[in-house]
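**Q** Supplied in structure tokens, the structure appears directly below.
The values are calculated or read from the model by the stated rules, or taken from the named source; none is laboratory data. If you're wondering where the values come from, they're calculated on a predicted model, not measured in any experiment. When we count neighbours, we look across all protein chains shown, and the Cβ atoms used for this are built from the backbone with ideal geometry, even at glycine.
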Amino acid sequence: MIFRQMYDSTSSTYTYVLADASSKDAVIIDPVFEQLNRDLALIRELDLKLLYSIDTHCHADHVTGSWLLQQKTGCKLGSAAAIGAGNVDVALKHGDRIVFDDHHLEVRATPGHTDGCLSYVLNDQTMAFTGDALLIRGCGRCDFQQGDAATLFRSITEQIFSLPDSCMLYPAHDYSGRTASTVKEEKAFNPRIGGGASETDFVGYMDAMRLPHPKLIDIALPANMASGKPKEGSCPKEPDWAPVRINFAGVPEIDPEWVAAHANELHILDVREPEEMVIGETRIADSRIMPLGKLRDHLEEIPRDKPVVTFCRSGRRSSMAVSILQKAGIERVANISGGYLHWRDEGLPLAE
Ligand SMILES: N[C@@H](CCC(=O)N[C@@H](CS)C(=O)NCC(=O)O)C(=O)O
Ligand SMILES: [Fe+2]
């Protein structure tokens, strides 16, 4: 099975991708609106077929990326029936299964942080995605969104602590950089509910907590009730100057064929170093030379009247040139995917 854990540093949210290694049927859990391009790039680069985008609950601190993924990939959008959010294809209930090829996620209702919280347990019970019901050495707050500490106590003890001790636990957030835990660890060390804490101990702890409300709550809750569909009803604007793809490394990339067809509307920057150029080596037609090692000191020589595309031999170092140009305030910039080698292999125009 393919498994990836991704992090949004603004909201400290974890997003998970699970996929069958041979069929590539995939599920994403708790995508973040602003991370659409990151998630799409992973799906594209690993050649995944996204079947479902599912949320663990109606988040108060960030907007879900589920609607965007539904639009971009055609995946089905799943969320708890108890939430009643709009734009949902599959209204999930306790006991449902989210099937991806030979695997499935078992849906367990784990209310208490909110009344619509779900946890997802992998069919072999080696992994569980607990949302904000159980965090690593913590748990979801119970002071808004129909939160209730006694309900959360029962959810955790009955639905999560009943899993095998070795089951890995993956939460929706961590605010201290921890990535995973196990049932055994949380039963022993969770300061709120571990070490044999009683319901009274737990409720007393949760009642005494005084956390500031999430900064984005007023934006996040209504947006998540529409599964992250923006008010204007359309996806955010993509770069409009070219069919640019943002790869998983965050680099905007452009196909050489498109560059060749639009060469006169672009500045094409050859960032190879002079010592790389053997006698008779060709260049991309209409390109200008700016070795990567000199770029930072010659930024004022880069014209800004047209978009800039960069290339080196294989297209790897030129992605660094893209990042330098972006930092210098050039927004319309992209790396020619595969660089000079790809360009030459495609038989596109060359010059001496
Ligand atoms: N500071 C964060 C909010 C953090 C927060 O309240 N997180 C919720 C999950 S949505 C929680 O249950 N936190 C439990 C805790 O921090 O112990 C923000 O402004 O977005
Ligand atoms: Fe939450």
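**Q** Only one residue in ALA188, ALA197 is assigned by TED's automatic domain parsing to the domain that holds ALA128, surrounded by fewer than 14 Cβ atoms within 10 Å (Cβ to Cβ) and either at pLDDT 95 or above or of a type in the set (Phe, Trp, Tyr) (or both), so which one is that? Steps first, please.
**A** Working: ALA197 fails: surrounded by fewer than 14 Cβ atoms within 10 Å (Cβ to Cβ).
The conditions single out ALA188.
**Q** Next question, about the same structure. Go through the range 5-56 and give me each residue that's among the β-branched types (Val, Ile, Thr) and buried (at least 19 other Cβ atoms within 10 Å of the Cβ).
**A** Step one: of the range 5-56, the residues among the β-branched types (Val, Ile, Thr) are 10, 13, 15, 17, 27-29, 32, 43, 54, 56.
Matches in the range 5-56: THR13, THR15, VAL17, VAL27, ILE28, ILE29, VAL32, ILE43, ILE54, THR56.
**Q** Going by what's in this entry, would GLU238 be described as at pLDDT below 95, of a type in the set (Asp, Glu) and within 21 Å of the chain's Cα centre (by Cα)?
**A** Details: at pLDDT below 95: yes; of a type in the set (Asp, Glu): yes; within 21 Å of the chain's Cα centre (by Cα): yes.
The answer is yes for GLU238.
**Q** Can I ask one more? Starting from residues that are within 30 Å of HIS213 (Cβ to Cβ), in a loop (DSSP other than H, G, I, E, B) and in contact with a Leu (Cβ under 6 Å, 6 or more places away or on another chain), keep the ones in the range 88-112 and report whichever is farthest from ligand 1 (Cβ to nearest atom).
**A** So, considering only residues that are within 30 Å of HIS213 (Cβ to Cβ), in a loop (DSSP other than H, G, I, E, B) and in contact with a Leu (Cβ under 6 Å, 6 or more places away or on another chain), the one farthest from ligand 1 (Cβ to nearest atom) is VAL88.
**Q** Here is a follow-up. For the range 237-263, enumerate the residues that are in a loop (DSSP other than H, G, I, E, B) and either farther than 22 Å from LEU40 by Cα or touching a His at 6+ places or on another chain (Cβ under 7 Å) (or both). Break it down into steps so the answer makes sense when it comes.
**A** In the first step, residues of the range 237-263 are kept if they are in a loop (DSSP other than H, G, I, E, B); the result is 237-244, 247-251, 255, 262.
Selection gives HIS262 alone.
**Q** In the range 178-236, which helices (runs of 4 or more DSSP H) lie fully inside it and hold 1 or more residues that are over 21 Å from THR130 (Cα atoms), free of Cβ contacts under 8 Å to residues at least 24 places away in the same chain and within 16 Å of ligand 1 (Cβ to nearest atom)? Spell out how you get there, then give the answer.
**A** Details: elements: 183-189, 199-208, 217-225.
Ranges flagged: 199-208, 217-225.
**Q** Could you tell me how many of the residues in the range 19-75 are within 16 Å of ligand 1 (Cβ to nearest atom), hydrophobic (A, V, I, L, M, F, W, C) and assigned to a helix (DSSP H, G or I)?
**A** 1
**Q** Is there a residue in the range 154-176 that is of a type in the set (Val, Ile, Thr), part of a strand (DSSP E or B) and within 30 Å of LEU48 (Cα to Cα)? Show your work before the answer.
**A** Our first condition is that a residue be of a type in the set (Val, Ile, Thr); within the range 154-176, this holds for 156-157, 160.
With part of a strand (DSSP E or B) added as a condition, the list becomes none.
There is no residue in the range 154-176 that is of a type in the set (Val, Ile, Thr), part of a strand (DSSP E or B) and within 30 Å of LEU48 (Cα to Cα).
**Q** Does the range 134-145 contain at least one residue that is at pLDDT 95 or above, touching a Cys at 6+ places or on another chain (Cβ under 6 Å) and in a loop (DSSP other than H, G, I, E, B)?
**A** Initial filter on the range 134-145 (at pLDDT 95 or above): 134-143.
Checking the rest, the ones that are also touching a Cys at 6+ places or on another chain (Cβ under 6 Å) come to none.
No, there is no match, as no residue in the range 134-145 is at pLDDT 95 or above, touching a Cys at 6+ places or on another chain (Cβ under 6 Å) and in a loop (DSSP other than H, G, I, E, B).
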